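A.B. asks: Please find one structure pasted underneath; my questions will follow.
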Amino acid sequence: MKYKAFLMFLVGLFFAISAMAQEASLKKQMEMDPEKSILSNTKAAANYKMLLAGMKAADLEDILSYDGPFTVFAPSDTAFRKLSKETLEMLMLPANKRKLQTLMTHHIIAGNFSASKILMAMSRGGGKASFTTVQGNKLIASMDGLDIILVDEYGNTARIINADSNQCNGVIHEIDTVILPSSEI
């Protein structure tokens, strides 16, 4: 009986250490220097390569280095991989630069909106808060359990999975899905 209890203890300890290692790995991915710009930190981050490539192809890379402040709802590379390969290839074509610019700016709002500021705005708005992207479309923030969910005017949704990565010119909130600015993309 003592052997089984000890074995259960070891299994539990293994899972706890494994969970802490995964959390530390995720935390390291999100570690960004708050003294650097959004552009500098996304270049250094391991999980925003596709976001950076999209910003560069759309000639919007410099916007992330401006004084701002900006709030970027940043799709991770995992979020971009949810799009079909054909869609990604189509968006990266020079002929589709305008569509790519629309997509990229659909994830940025002017101002520094931490998760707590978003929650305060939702509280004042009866559970919802509206934000205007630099592209001019609306994103509506609401809650789903403990998560902040963003919904655009086309019904596309994304969940904030890592919040409040502070930068010298704003804040990044990692989202789990690319928010497509229309059904045309």
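A.B. asks: Could you list, in sequence order, all residues of region 132-160 that are touching a residue at least 60 places away in the same chain (Cβ under 8 Å) and part of a strand (DSSP E or B)?
C.D. replies: Correct list: 139, 150, 158, 160.
A.B. asks: Only helices (runs of 4 or more DSSP H) wholly contained in region 52-125 count here; list those with 1 or more residues that are in contact with a Lys or Arg (Cβ under 6 Å, 6 or more places away or on another chain) and more than 19 Å from residue 137 (Cβ to Cβ).
C.D. replies: Of the helices (runs of 4 or more DSSP H) lying wholly inside region 52-125, those with at least 1 residues that are in contact with a Lys or Arg (Cβ under 6 Å, 6 or more places away or on another chain) and more than 19 Å from residue 137 (Cβ to Cβ) span 77-80.
Where a number appears in this text, it was derived from the coordinates with a stated rule and is not lab data. What you are looking at is a predicted structure, and each value in this text was computed from that prediction instead of being measured. Here Cβ is always computed from backbone atoms with ideal geometry, including for glycine, and neighbour counts include all displayed protein chains.
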